[in-house]
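Participant: One structure, pasted below without further comment.
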Amino acid sequence: MAQKHVYSFGGKTADGDGKMKELLGGKGANLAEMCKIGIPVPPGFTITTEVCAAYYDAGKKIPEAAIPEIGAAIKKMEADFGGRKFGDPADPLLVSVRSGAALSMPGMMNTILNLGLTDASVEGLAKKTGNPRFAYDSFRRLIDMFGCTAMGCDHEDFEHEIHSMKQKKGVKLDTDLTADDLKELCKRYEAVYKKHVGEDFPQEPKKQLYLAINAVFNSWNGNKAVEYRRIERISGLKGTAVNVQAMVFGNMGNSSGTGVAFTRDPNTGEDVFYGDYLINAQGEDVVAGIRTPEPISQLAQEMPKVYEQLVGIRAALEKHYKEMQDIEFTVQEGVLYMLQTRSGKRTGTAAVRIAVEMAKEGLISETEAIKRVPADSLNHLLQPQLDPKSKIKPIAQGIAASPGGASGKVILSAEAAVEYAAKHPNEPIMLVRKETSPEDVAGMHLARGILTSTGGKASHAAVVARGWGKPCVVGCEAVKIDEKNQTITIAGQTVKAGDFITINGTTGDVMIGKVETIAPSMTGDFATLMTWADKVRKLKIRTNADSPVDSLKAREFGAEGIGLCRTEHMFFGEDRIAAVREMILATTEEGRKKALAKIEPHQKADFVGIFEAMAGLPVTIRLLDPPLHEFLPQKDNKAGAEAVAKQIGTTVEKIFERVEELHEMNPMMGFRGCRLPVVFPEIGDMQVRAIIEAAIEVQKKGKTVLPEIMIPLVGVLEELTVLKKRAIAVAEECMKKAGVKVEYQIGTMIELPRACIAADKIAEEAEFFSFGTNDLTQMTFGFSRDDIKGFMPTYLANKILPIDPFQTIDFTGVGELMKIGIQKGRDSRKAKHGTHLKIGICGEHGGDPDSVVFCHAIGMDYVSCSPFRVPIARLAAAQAALGEGAKRDK
C-alpha cells in the first residue's frame, strides 16, 4: 500500500485518530479524535510528520507524492464546509496553517491565519459578509503573519504602521479603527511586504498555501523551537505535522470571539473552568497578550448559550481523554467551533492535585496518577514561598499566571538576560516585558520569575512559565516599561534595570525590593501521591546532608537515610577553620595531631546532631575528600593570608610556602580522597574516632545508630585494605573504652573507571559501594566539570552529546562502567562472604529523574540526593518500577 501523506478530518469523520500523535502530531491527532466523538470542528487536513522529515531529506522541498494528496484534501475540505472554494474571489474559503509536533511545544513553531485572501478576494469577502471591516482586518493580519512567518519580514515594521494609523486617527485600540482605516492599512502593509521581500504580496492562494507549509516545516528547526527542545529534553521526533483547516472568524463583530481555556485550573489544579476570551478578535490576540482578555466565566453573561455548550464540551473532553485539557475555540456569529484540544501544561502543584483528584473520582487509577505527574515538576511544590511576615508590601497587582514567589534583578529583554546570566551566573533575574514571544524562550528559561504588563492567563508568558515552574505575573497594567532608558515604573515608582523586584505568582502581587522566602512543606495531595509512590517503588531514597537541619528537612520529605555526609563542609565552620589550617601548616605528625585534637570535638558534635536527626536510619559519612590547598588562602589573596597568619600565629611567608608545596597541576586527580589518610593517617583516625564516639553517645540515649564510614576515591584494593584495617582498630578501641558495641560498616565511593573494572577485588573488603558519578563522569570523559562551559553548549547544539553528562548519567559510557562495577562487586562479595553488597549513588545525579530510572534498571539499592530533590527521586523511583521513563539512548 502506498504511503499516505495527508489525513483529512471534518464533520464526524476523520482518517486518523487520537492515537496517531507520532504521525499526525498532537494537534492533528486530537482534531481527528474530536471529530469522531462529535465535537464541532472546522474541516481540514493534516500533512504528516513523515512529510516533514522527507522535506528536509530532499533539501527543503515538499515530496512530489504529497502534492496530489494535498489537492484532494483541499477538495474534501471544500465539500465538508458547504461547498465554498479555496481561491474563489467572490466567496473565498480561507484556511489556517498551523504546526503540530507529537509533543506539545506551545508557540514555538509557526501559525498563519486567514490564508487565501488576495486583493480581489478581500473585496468579495467584504461584499459576501456585508462586513468590510472584518474583511480588511483579516487581510491585514494575513499580510503581517505571512510576511513575518513565511518571508522573514520584521513584525515591528507592521506594528509601526498600525501604531501610526491609530495615532493619526486619535484612537487607542485596533478595534477602534474603521473599515476604511483598515483598507488603507492593508495597502501600507503590502508596501512593507514588498520593500522587504522585493516582490508583491502573492495573489495566488495556492502559492500562499505552499509557502506557508514550507514555513511551518522550516520553523521545526528555527532557533526558538530548537532551544525549547533542548530545554525540555525533547529528542527523537521526525518533525512537525502541518494542519490546514477551514477558517472560522472571531473578528466578525460583537457576536463573535475567541478564547483559550483549561478544563481545570493549571496553576492550582482546582476543578474549575479556567481561561480567557476576547470579543471580536482572532486567536493570536489572546495568546500573544496584545490585549488583556476577560476571564472565561464572564462569557456566561455575554454569550450564555455558547458558554453552556462550551461547558458541556469541557466535561465531554475530560471524560474522554481522562486528562486535563487545554482547548482553543472560536465563536463565529454565535456558532461555537473547537480548534484544538491537548493535554494542558500545568504547574507541579496542579499536576499533583489533578492526578490525585482524578484517581479519587475514579477517572484514573492510583498507578496512572503516579505515572501522570512528571517527577521534575515536583520542583514547583518545593519552591520557596514568599514570607508572609515580610514588611515589603505589594504596590501593584496583575494576573496570577504561575505560582510561587521570586525576587530578581530587573532585566528588560531576553537577549539582555542571556548576556547578564553569562557574566553573573548566580544572580537572580526578573524578566520584565510588555509581553513575551517565542523568541524570548532562552531569556525566560534563565529568569527566576517573569512579569508582563499585558496578557492573560493563556498568554505565551503564562503558558511557558507554568510549564517550567517559574513564578509569573501577567497583565500588570501598573507596570510601564521604558526600554530605551532601562527603567520601569510600577504604580508611579521608578525602578532601574538591575534593581530588585519581587513577584508572587500565586496572588499576582508585585513588590519593589527583595522579599525573603520560607521553606515549603509536604501535605495534602502531595503527601497522598508520595504515599502511593512509596507503595510501588523498589529503590530506597537517601539524602545528601551535612547538618542536623538538612537531615531533618530531608527526613520530612521522606529520606530513608543519608547517602552522603561531606565532612569537609564541616571544616569550614568559623569555630574550626583555624585549627584545620593549623593542621595543614604543621610540619610534623605531632603538630598535626595537636591541631586535629582541636577539631575532633567539633566533628563529634556534628555527628551527634546528625545521628540524632537520623535515628534508626543509615548515615553514610565520607572521610575528608578535597585537596588540602582548598582550605588555605591562595597567593593572590595576601589580605586573607595575613588574617590567617595572625589567627594561628604564623607568617604569611610560611602560608604561601605551604601553598606552593601543595600546588598541583590537576588537583582533582592529585593528593585527595583516600590518598590523604594514607599519607597522613592521623586525619583518618580523628574522623573515625569522632564518628564512633558520636554513635556511642547517641546509642547510650536509647536511639538506634547506623553509621557507614565511606573511604573516597579508592582505585586499588590495597588502599582500602590499609585504611579499613586502621579504621577498625580505632573503632574497636573507642568501643572497648566506652564498653558499648556499635554496629557499623566500612565501604567505598566508586569514582574511578579503574574502581569499576576492579570492583570484584575492591568488594573483598568493601561492605558497600556508593557511586560518585560526578567524579566518575569527569574521569571517564576526561572533562573537568568546572571547565566545560567553553565547549559543552556547542557539543549539545551539534548533537555530539544528547545531554550534559553532569546533569543526567551518560548511559552508554559511564553507565556501562557502573553496570560492570555492580555485577563484579556483587558476584565477588557473594562468593567470598555470602552477603549482598549494598550499592547506591550519591551526588546530584541521584535527584535527576532519568538517572533514577537508570539506577533502578541496573539494580541499585538506593539513590541519594539533596533534601529538596528527595520527593522527586521518590516519584521517579516509583515510575521506574512501573516501567516509565529513561527510554532515550544516552
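Participant: Give me the extension gain from Lys654 to Lys172: residue separation times 0.36 nm, minus the current Cα-Cα distance, reported in nm with one decimal.
Facilitator: On the way: separation 482, 0.36 × 482 = 173.52 nm, distance 7.40 nm.
Gain on stretching Lys654 to Lys172: 166.1 nm.
Participant: Determine which aspartates and glutamates satisfy two conditions relative to Lys514: a Cα distance under 16 Å, and not lying fewer than 8 residues away in the same chain.
Facilitator: Result set, ordered by chain and number: Asp387, Glu427, Asp499.
Participant: OK, next. I need the semi-axes of the equivalent ellipsoid of region 644-795: take the C-alpha gyration tensor, multiply each eigenvalue by 5, square-root it, list largest first in whole angstrom. Please list the in-between numbers first.
Facilitator: Numbers: eigenvalues 199, 122, 43 Å².
Those come to 32, 25, 15 Å.
Participant: Per residue, how much accessible area does region 713-793 have with a 1.4 Å probe, in Å²? Could the numbers behind the result be given before it?
Facilitator: On the way: 3630 Å² over 81 residues.
Here the per-residue accessible area is 45 Å².
Participant: Just subtract the alpha-carbon distance of Lys127 and Ala316 from 0.36 nm times their residue separation and send over the number in nm, one decimal. Intermediate results must be reported in sequence, preceding the final value.
Facilitator: Details: separation 189, 0.36 × 189 = 68.04 nm, distance 3.82 nm.
Here the answer is 64.2 nm.
Participant: Name the residue from Gly334, Val730, Met522 whose Cα lies farthest towards the positive end of the charge dipole of the chain, charges +1 on Cβ of Lys and Arg and -1 on Cβ of Asp and Glu.
Facilitator: Positive-end residue among those listed: Val730.
Participant: What value does region 611-676 have for Rg/Rh, both radii from Cα atoms and Rh as Kirkwood defines it? Show your work: numbers first, answer last.
Facilitator: On the way: Rg = 16.4 Å, Rh = 14.1 Å.
Expressed as Rg/Rh, it is 1.16.
Participant: State the answer as a single residue: which of Ala32, Ser164, Gly561 lies farthest towards the positive end of the charge dipole of the chain, with beta carbon charges of +1 for Lys and Arg and -1 for Asp and Glu, about the Cα centre.
Facilitator: Toward the positive end, the furthest listed residue is Gly561.
Participant: Still on this structure, I have one more. Could you give the dipole magnitude of region 276-420 about its Cα centre, charging the beta-carbon of Lys and Arg +1 and that of Asp and Glu -1, in debye to the nearest 20?
Facilitator: Numbers: 16 positive and 19 negative charges, 118 e Å.
Dipole size: approximately 560 debye.
Participant: List the pair-distance distribution P(r) of region 822-890, using every Cα-Cα distance, as the percent of pairs falling in each 10 Å bin from 0 up to the bin containing the longest distance, rounded to whole percents.
Facilitator: 22, 44, 27, 8
Participant: Counting only the backbone N, which residues of region 684-703 are under 12 Å from the spot 7 Å out from the Cα of Val740 toward its beta-carbon?
Facilitator: Once the point is set 7 Å along Cα→Cβ of Val740, 691-703 turn out to lie under 12 Å by backbone N, inside region 684-703.
Participant: If you don't mind, another one. How many percent of all Cα-Cα pairs in region 74-174 sit more than 15 Å apart? Don't skip to the answer; put the middle values down first.
Facilitator: Numbers: 3514 of 5050 pairs.
So the pairs more than 15 Å apart make up 70 percent of the total in region 74-174.
Participant: Please list, by residue number, every one of the trypsin sites (Lys or Arg not before Pro) in region 219-256 that is coil in DSSP and has at most 15 other beta-carbon atoms within 10 Å. Before the final figure, lay out the partial values.
Facilitator: Numbers: sites: Lys224, Arg229, Arg230, Arg233, Lys238; in loops: Arg233, Lys238.
Of the trypsin sites (Lys or Arg not before Pro), the ones in loops of region 219-256 whose Cβ has at most 15 other Cβ atoms within 10 Å are Arg233.
Participant: At most 15 other Cβ atoms within 10 Å and a DSSP loop assignment: could you name the trypsin sites (Lys or Arg not before Pro) in region 86-164 that fit?
Facilitator: Answer in residue order: no site qualifies.
Participant: What whole-number distance in Å separates the alpha-carbon centres of region 1-23 and region 642-663?
Facilitator: After rounding, the separation between the Cα centres reads 75 Å.
Participant: Where does helix 155-169 land angle-wise versus the long Cα axis of the chain, in degrees 0 to 90, nearest 10?
Facilitator: Taking Cα atoms only, the helix is inclined about 50 degrees.
Participant: So, in Å, what gap is there between the alpha-carbon centers of region 555-597 and region 35-92?
Facilitator: Here the answer is 70 Å between Cα centres.
Participant: If DNA, RNA and ligands are ignored and the probe is 1.4 Å, what is the ranking of Thr178, Thr587, Thr773 by accessible area, most exposed first? Walk me through the numbers on the way to the answer.
Facilitator: Values: Thr178 70, Thr587 130, Thr773 0 Å².
The most accessible residue leads, giving Thr587, Thr178, Thr773.
Participant: Which whole number of Å³ per residue matches the convex hull of the alpha-carbon atoms in region 714-820? Could you put the intermediate results ahead of the total?
Facilitator: Details: hull volume 12.4 nm³, N = 107.
Dividing the Cα hull volume of region 714-820 by its residue count gives 116 Å³.
Participant: Quick check for me: using +1 on Lys/Arg Cβ and -1 on Asp/Glu Cβ, what's the dipole size of region 377-519 about its Cα centre, in debye to the nearest 20?
Facilitator: Details: 15 positive and 13 negative charges, 63 e Å.
Here region 377-519 has a charge dipole of around 300 debye.
Participant: Still on this structure: For the chain, what is the calculated [θ] at 222 nm in deg cm²/dmol (nearest 500), taking -39500 (n - 2.57) for each run of four or more DSSP H residues and dividing by its residue count?
Facilitator: Details: 34 runs with 398 residues, N = 890.
Calculated from helices alone, the mean residue ellipticity at 222 nm is -14000 deg cm²/dmol.
Participant: If you don't mind, another one. Can you tell me what share of the DSSP beta bridges in the chain is antiparallel? A percent to the nearest 5 is fine. The partial results should precede the final answer.
Facilitator: On the way: 65 of 103 bridges.
Given both bridge residues lie in the chain, the antiparallel proportion sits at roughly 65 percent.
Participant: Report the net charge of residues surrounding Pro92, where surrounding means a beta-carbon distance below 9 angstrom and charges are Lys +1, Arg +1, Asp -1, Glu -1.
Facilitator: Net local charge, Pro92 excluded: +1.
Participant: Charges only on Cβ, +1 for Lys and Arg, -1 for Asp and Glu: so what's the dipole of the chain about the Cα centre, in debye to the nearest 20?
Facilitator: Details: 112 positive and 116 negative charges, 248 e Å.
Here the size comes out at about 1200 debye.
Participant: Between Lys514 and Ala597, what is the label-to-label distance in nm when each label sits 7 Å out along the Cα-to-Cβ direction?
Facilitator: Spacing of the two 7 Å Cα→Cβ label points: 4.4 nm.
Participant: For region 586-690, what's the relative contact order in percent, using C-alpha pairs closer than 8 Å and at least 6 residues apart?
Facilitator: On the way: 66 pairs, mean separation 42.2, N = 105.
Averaging sequence separation for qualifying contacts and normalising by length gives 40 percent for region 586-690.
Participant: Given Lys75/Lys127; Lys187/Lys457; Lys393/Lys434, which pairs have Cα atoms separated by over 28 Å?
Facilitator: Working: Lys75/Lys127 24 Å; Lys187/Lys457 34 Å; Lys393/Lys434 23 Å.
Among Lys75/Lys127; Lys187/Lys457; Lys393/Lys434, the Cα-Cα distance tops 28 Å for Lys187/Lys457.
Participant: Let me ask something else about it. Quick one: Karplus J couplings for region 841-855, per residue in order, coefficients 6.51, -1.76, 1.60, θ = phi - 60°, nearest Hz, x for Gly and Pro?
Facilitator: Ordered by residue, 3J(HN,Hα) equals 9, 10, x, 6, 4, x, x, 8, x, 4, 5, 4, 4, 5, 4 Hz.
Participant: Need the full-extension length gain, Thr507 to Lys195, defined as separation in residues times 0.36 nm minus the C-alpha distance. One decimal, nm.
Facilitator: Extending this stretch completely gives an extra 107.7 nm.
Participant: Run through all the Cα pairs of region 295-416 and give the fraction in each 5 Å bin from 0, expressed as whole percent.
Facilitator: P(r) over region 295-416, rounded to whole percents: 2, 8, 13, 15, 14, 15, 13, 11, 8, 1, 0.
Participant: Another question, then. What are the chymotrypsin sites (Phe, Trp or Tyr not before Pro) within region 556-589 that DSSP puts in a loop, where the Cβ has at most 12 other Cβ atoms within 10 Å? Mind dumping the intermediate values first?
Facilitator: On the way: sites: Phe557, Phe571, Phe572; in loops: Phe557, Phe572.
Those satisfying the criteria are Phe572.
Participant: Then there is this: Using only alpha carbon positions, build the gyration tensor of the chain, then give the equivalent ellipsoid semi-axes as the square roots of 5 times its eigenvalues, largest first, whole angstrom.
Facilitator: Semi-axes from the Cα gyration tensor: 60, 29, 25 Å.
Participant: So if I take the alpha carbon set of region 366-462, get Rg, then get Rh from the Kirkwood formula, what is the Rg over Rh ratio?
Facilitator: Working: Rg = 15.3 Å, Rh = 15.1 Å.
Ratio value, two decimals: 1.01.
Participant: Continuing with the same structure: Give the distance, in whole Å, between the Cα centre of region 434-449 and the Cα centre of region 458-525.
Facilitator: Their Cα centres are 13 Å away from one another.
Participant: Pick out, from Ser547, Asn485, Ser784, the residue whose Cα sits farthest towards the positive end of the charge dipole of the chain, with +1 on the Cβ of Lys and Arg and -1 on the Cβ of Asp and Glu.
Facilitator: The one lying farthest along the dipole's positive direction is Ser547.
The values are calculated or read from the model by the stated rules, or taken from the named source; none is laboratory data. Just so you know, these numbers come straight off a predicted model, no measurement behind them. Heads up, the Cβs are rebuilt from the backbone with ideal geometry, glycines too, and the neighbour counts pull from every protein chain shown. Heavy atoms of the whole protein, side chains included, go into the accessibility calculation; ligands, DNA and RNA do not. Shrake-Rupley method; radii C 1.70, N 1.55, O 1.52, S 1.80 Å.
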